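A quick write-up on the structure given underneath.
The values are calculated or read from the model by the stated rules, or taken from the named source; none is laboratory data. In this text the structure is predicted, and so the values were computed from the model without any measurement. Here Cβ is always computed from backbone atoms with ideal geometry, including for glycine, and neighbour counts include all displayed protein chains. To get the accessible areas, we keep the full protein, side chains included, count just its heavy atoms, and leave off ligands, DNA and RNA. Shrake-Rupley method; radii C 1.70, N 1.55, O 1.52, S 1.80 Å.
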Amino acid sequence: MDISNTLDQKNGIKIVAFLCNWCSYGGADAAGTARLKQPPQVRIIRIPCSGWINPLYPLKAFNEGADGVLISGCHPGDCHYAEGNYYARRRLEVLGHFLPFMGIDPQRFRYSWISATEAQEWQALITEFTEKIRELGPIKKHVEVS
Amino acid sequence: MKEVESRLKEEVKKILDEVAYVVGYQEGLTPLSARPLFIRNPKEVDRLVYNDFCAPNLANYVKKSDQKIGIDQKVGLIVKGCDCRSVVQLLQEGILKRENLILIGVPCRGMISFKKIEKLFDPLETYLAEVRDKKLKVHLAQGEESYHLEDVVFEKCLWCETREPLVVDIMIQGPLSLELEQKEKDFDIVELEQKEPAELFDFWTAQFEKCIRCYACRNACPLCYCQDNCLADTRQPHWLGQQTDALNNFMYHMIRAMHVVGRCTGCQECERVCPVDIPISKIFRKTSMITQQLFDYIPGMKVEDVPPLLTFKKDEKF
Amino acid sequence: MRIGVFVCHCGSNIAGTVDCPRVVEAARGFPHVVYATDYTYLCAESGQDLIKTAIQEYSLDRVVVSSCSPKMHEETFRRAARQAGLNPYLVEMANIREQCSWIHSDKEAATRKAIDLVRKGVFKVSRDQELFPSFFKVNKDVLVIGGGIAGIQAALDAAQGGHRVTLVEKDQTIGGNMARLDKTFPTLDCSSCILTPRMVDVAVNESIELLAYHEVEEVKGYVGNFDVKIRRKATYVDWSKCTGCEECVGKCPARIYDKFNQGLGRTKAISLPFPQAVPKKVTIKKDFCHFFLKGKCRVCEKVCQFEAINFDDQDQIIERKVGAIVVATGYEAFDPIAYLEYGFGKYKDVITSLQYERMVSASGPTMGHIKRPSDGEEPKTIVFISCVGSRDRAKGRSYCSVACCMAMAKQAILTKEHIPDSTSYLFYIDIRAGGKGYEEFVDRAREEYGAQYVRGRVSKIYQKGKKLVVKGTDTLLGMPIEIEADLVVLAVGIAPPQDAPELAQKLNISYDQYGFFVESHPKLRPVETNTTGVFLAGACQAPMDIPASVAQGSAAAAKALGLLAKDELEASPIVASVEIKRCVGCFKCEAVCPFSAIQRQELRDGIMVSNVISTVCKGCGLCGVACPTGAIKVNGFTDEQILAEMEALLL
């Protein structure tokens, strides 16, 4: 049974994106509806709110071999849950400062605000971010001993 | 320090009627170490010691396990300046109740690190030790030796900013400084940060490969109060495997890091108790450096503060 | 566990870029998958039947539908699962259309990605739990925010449906921008004549509580149970005594900017906006009142025989509980000051279309006489310029304001009727006349009223003696054109009120880059928002004309009525819950919850733990991240589920 991941082996790049249900996931959908072409290395996980992003998710993702992690939510002030992204902003900002200390290039991590109408902004962001990750190449992984 | 100790004993005796117990220090395996002492009656006061070897952070012994929220049991606690910040942090988080604590503050002029002296001589073979003239003088089988205090006290004592406890009910006055040569706070982290991410990755991989996941760091941390419910132990969700390899150990330490962000007071108990000498407090102190830089917040300073990740400002920009 | 995977072709939308049979083949190899198939249109009835039959035939206990965005059809497939006897929350979707086939052209890469997304769905669904909605009581009252024509319509319809309605209007009268219009296109009905009776209907309707000169301060709660705080702005006049006789207005010495008349003419510090105002009550504008500014005057108080003046009046906060909210806050005319080339604000005889409307109106400041603001003379040559603040990317307004082309044609007709020997030149980009009787109306303007349409933009306006020289290009003739005009009217666009984002934040609804509120779905849910129980009507959602605003007002009311027809509503089970034995009582969840949905609960041995009030919780998950032990989690998006998704992607 081959259940292994089929991510572009040639480029060897895996990007995990966590998008909030209300704004950024909608923005990515809108980009799709508008047929805005995007790099295929990105895999989106839908979550209710950027405030639902546990900083451990990106850490876990990097630890498991994600080459880039992108998080996007509603613009500050526009959170569907009123305050979720304000907390997220603090949590993710701290994480961004912490990653390099643990040996993870902070360029591999990005958080941003994309509204449900910002299809082009989403396309531009994901294209640029993917390009950056391709430049950086595959992430170094801790060795698993089993 | 002898004088401090005898006055401390008197004060402890005075409050014994009011509290279930008082947490203090008693002699450890050697006179050059100390371990916690739970004093329930005047007789036990005789075993109480206070000297330059009283490193343990006693705040850890009154956190949730002994004083569950809602169970009103008054406890006496002997606190040094740095330990008191842990108490303040626990008060701020509502884990401890101020009215259930009698805090006896003791002066601290810097504590001697067992790990450091262990490297210089065998503390178990030492029958006398005293601090005099900025030196630690020890009597060993082969004769008397003396060491510069800068070389034997904890690094954190060389940048201590809170020698005097911030919140106390009773303060025992005494020497607060030996006028040792100070070091820049967290200079070790600043040095480490000069490395490239790739080098740091290798640095931490090497550290995490040593880790045996004994959980001593977690158990010694006054702010880790989840106990049996720790995320690192649960299989659902399955954050990490039981194998003690760098991959899984990384996740364990990241769980702790993300849980002490904006809370770590830098007592470094985690590092003191680590049996494999991982400089683990660097990770947690780094998170505090970040929250100080971003939010101008220092943990464990004011009871009425709100931890930075439990609040926000609408118009802040980073 | 028995998982079924269904891969949709969506015609060629997916199948054109993704090799669907290959995705099915791969899915068959995923853990616990016992059945996988593909189909042309899964959302069609036959497609849903296929899923239902498979659930029963293969005893599926989990389903992954791989098709479009869950925002599109998650409800559809959950319903199908429920009909087949499966708990609807055991269905996950893999978005292989919007986030795969539509954005990639490389079939190989798209197929691989689709396989990954299906695997992610399979891994997640295997961690899904059965969830059951809870039910809660519904308050049947409706709040309508904004008393323009859309809000009036919504309030009247909701009241007719048997509900009590609170209509909040920030100005001192309802009527909105429609009250400013003289005539309406394409019938040339007198605007007041059709609007005023509706305003009176509101005033006399016993089911409608009209709160004019009030503003929404705060909205808490959720669908069926909104708690609204409303600020009554101090009027300094006791409205229960004021009869609207306007005795005070005549005597008031403070002459101030007349907002209703768009700055044409002056009004008083104590005033009524227009004679047909509802409610017909005066207010004192504190910032301009001589008494408030200088400490003496009080003339109004002396002349008021009803003793209605009250200088000690203060703002008040009142509270209402409602079940549904209709937002109908309308628009503001675009401020043309940004168009330096048109000289608005510099040349007195360059005015906006809304000012012109007031000028033409018989009840306006010039009593319906068209006069140049500079010298009061009747203009003979009038230039209208369209798309001021519309269809102009350079000014950050890309959208078409919809109503201005028609309004401009109407104004050209009215001009000719008022001044038969006048000539109107209308600069336009395109004539947008897409409505019933609209194109014919433009034809009439041109053919019967001699409106001179010039296709092109105006590049500059400058003063030459008493005249304004309008320079532009006629792009049909490809020639520059210069007109010496007596009056220039700028057909200003429809812009959202400046405080629209602030209100959106209070209501928890989205707004676009301009400030228009965002509907749930541009086609299928045009008056709903992403916050259940909050509906949109009129130009606050997008530029629209009167017929569209009225239709939306009715539509929003119908949506509210439909919602409130039930005594109890279903609460989504996608909310937080606490695993009590893992809660350590640190209450970090309580500290971050924006909805005060966390309660402290005492266990028998005195230990305090957290408890979630599930009908108050909205499922944002802030608590889950704050919780150090993972004791609190949001159903449907648990750490286990998200870790499973990550595992599926990074395996």
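Here's how it looks for A:SER112: its modeled amide H is under 5 Å from those of A:ILE71, A:SER72, A:GLY73, which are all 5 or more places away or on a different chain.
Of the residues B:THR244, B:ILE212, B:CYS226, the one whose Cα sits farthest toward the positive end of the charge dipole of segment B:184-313, with +1 on the Cβ of Lys and Arg and -1 on the Cβ of Asp and Glu, is B:CYS226.
Here segment C:333-495 is assigned +1 on the Cβ of each Lys and Arg and -1 on the Cβ of each Asp and Glu. Its dipole about the Cα centre then comes out at about 520 debye. Our helix-only sum for chain C, with -39,500 (n - 2.57) per DSSP H run of n ≥ 4 divided by its residues, gives a mean residue ellipticity at 222 nm of -8000 deg cm²/dmol. Sequence-ordered 3J(HN,Hα) estimates for segment C:211-219 from the Karplus curve with 6.51, -1.76 and 1.60 and θ = phi - 60° stand at 10, 7, 6, 10, 9, 6, 9, 7, 10 Hz, glycine and proline given as x. Rounded to the nearest 20 debye, the dipole size of the protein assembly as shown about its Cα centre is 1380 debye, using +1 on the Cβ of Lys and Arg and -1 on the Cβ of Asp and Glu. Across segment C:603-620, computed HN-Hα scalar couplings (Karplus, 6.51 cos²θ - 1.76 cosθ + 1.60, θ = phi - 60°) run 7, 4, 8, x, 7, 9, 10, 8, 9, 9, 7, 5, 7, 8, 5, 10, x, 6 Hz from first to last residue, x flagging Gly and Pro. Modelled spin-label separation between B:GLU145 and C:ARG604, with each label point placed 7 Å from Cα along the Cα-to-Cβ direction: 6.0 nm. The aspartates and glutamates whose alpha-carbon is closer than 13 Å to the alpha-carbon of A:LYS60, local same-chain residues fewer than 8 away aside, are C:ASP639, C:GLU640, C:GLU645, C:GLU647. Only alpha carbons enter this Debye calculation for chain B, each as an equal point scatterer, and the log10 of I(q)/I(0) it gives at q = 0.13, 0.14 Å⁻¹ is -1.04, -1.20. Cβ-Cβ distance of B:ASP277 and B:HIS238, R₀ of 41 Å, FRET efficiency by 1/(1 + (r/R0)^6): the value works out to about 0.90.
Per the Cα gyration tensor, segment B:184-313 maps to an equivalent ellipsoid with semi-axes of 23, 20, 14 Å, ordered largest to smallest. Seen against the Cα atoms of chain A and their longest principal axis, helix A:24-33 is set at about 90 degrees.
For segment C:3-125, lysine pairs with C-alpha atoms less than 24 angstrom apart, excluding pairs fewer than eight positions apart on the same chain, total 8. What shape does chain C take by its C-alpha gyration tensor, where a ≥ b ≥ c are the square roots of the eigenvalues and a/c under 1.5 counts as rounded, a/b above b/c as prolate, and the rest as oblate? Oblate is the answer for chain C, as a/c is 1.5 or above yet b/c matches or exceeds a/b. The amide H of C:GLU209, built 1.01 Å from its N in the peptide plane, has C:VAL165, C:THR166, C:LEU167 as neighbours under 5 Å, considering only residues 5 or more places off or on other chains.
State, in square angstrom and to the nearest 100, the accessible area buried between chains B and C, both chains counted, probe radius 1.4 Å. Please list the in-between numbers first.
Working: alone 16170 and 29740 Å², together 44230 Å².
Between B and C, the summed buried area is about 1700 Å².
Close amide H partners of C:LYS566, meaning residues 5 or more places away or on another chain with modelled amide H under 5 Å apart, do not exist here.
Note on segment A:15-136: Kirkwood hydrodynamic radius from all Cα pairs is 14.2 Å, rounded to one decimal. The reciprocal of the average 1/r between distinct C-alpha atoms defines the Kirkwood hydrodynamic radius, which for segment C:247-303 equals 11.6 Å. The C-alpha radius of gyration of the protein assembly as shown, expressed as a fraction of 2.2 N^0.38 Å, stands at 1.15. Each residue of segment B:75-80 was assigned a 3J(HN,Hα) from its phi angle through the Karplus curve 6.51 cos²θ - 1.76 cosθ + 1.60 (θ = phi - 60°); the sequence is 9, x, 9, 8, 10, 8 Hz, with glycine and proline shown as x.
Return the lysines within reach of C:LYS380: Cα separation strictly under 29 angstrom, same-chain partners fewer than 8 residues apart disregarded; answer none if there are no such residues. Straight-line reach from C:LYS380, under 29 Å: C:LYS183, C:LYS259, C:LYS346, C:LYS348, C:LYS371, C:LYS410, C:LYS416, C:LYS460, C:LYS464, C:LYS466, C:LYS467, C:LYS471. When the Cα gyration tensor is reduced to axis lengths a ≥ b ≥ c, the ratio a/c is 1.5 or higher for segment C:1-147, and with a/b not above b/c it is classed as oblate. Charge dipole (Cα centre; +1 on Lys/Arg Cβ, -1 on Asp/Glu Cβ; no other charges) of segment A:15-136 amounts to roughly 180 debye.
Ellipticity at 222 nm from helices only: DSSP H runs of n ≥ 4 in chain B, each -39500 (n - 2.57), divided by the residue count, give -9000 deg cm²/dmol. Pairs over the 26 Å Cα-Cα cut-off, from the set A:LYS141/B:LYS286; A:LYS14/C:LYS588; C:LYS251/C:LYS280; B:LYS74/B:LYS156; B:LYS97/C:LYS618: A:LYS14/C:LYS588; B:LYS74/B:LYS156; B:LYS97/C:LYS618. Computed with a 1.4 angstrom probe on protein heavy atoms, the A-C interface buries about 4800 square angstrom of accessible area in total. Each label point was placed 7 Å from the Cα along the Cα-to-Cβ direction; for A:GLN107 and C:ARG82 their separation is 5.0 nm. Toward the positive end of the charge dipole of segment C:333-495, with +1 on the Cβ of Lys and Arg and -1 on the Cβ of Asp and Glu, the farthest Cα among C:PHE334, C:ILE385, C:ALA407 is that of C:PHE334.
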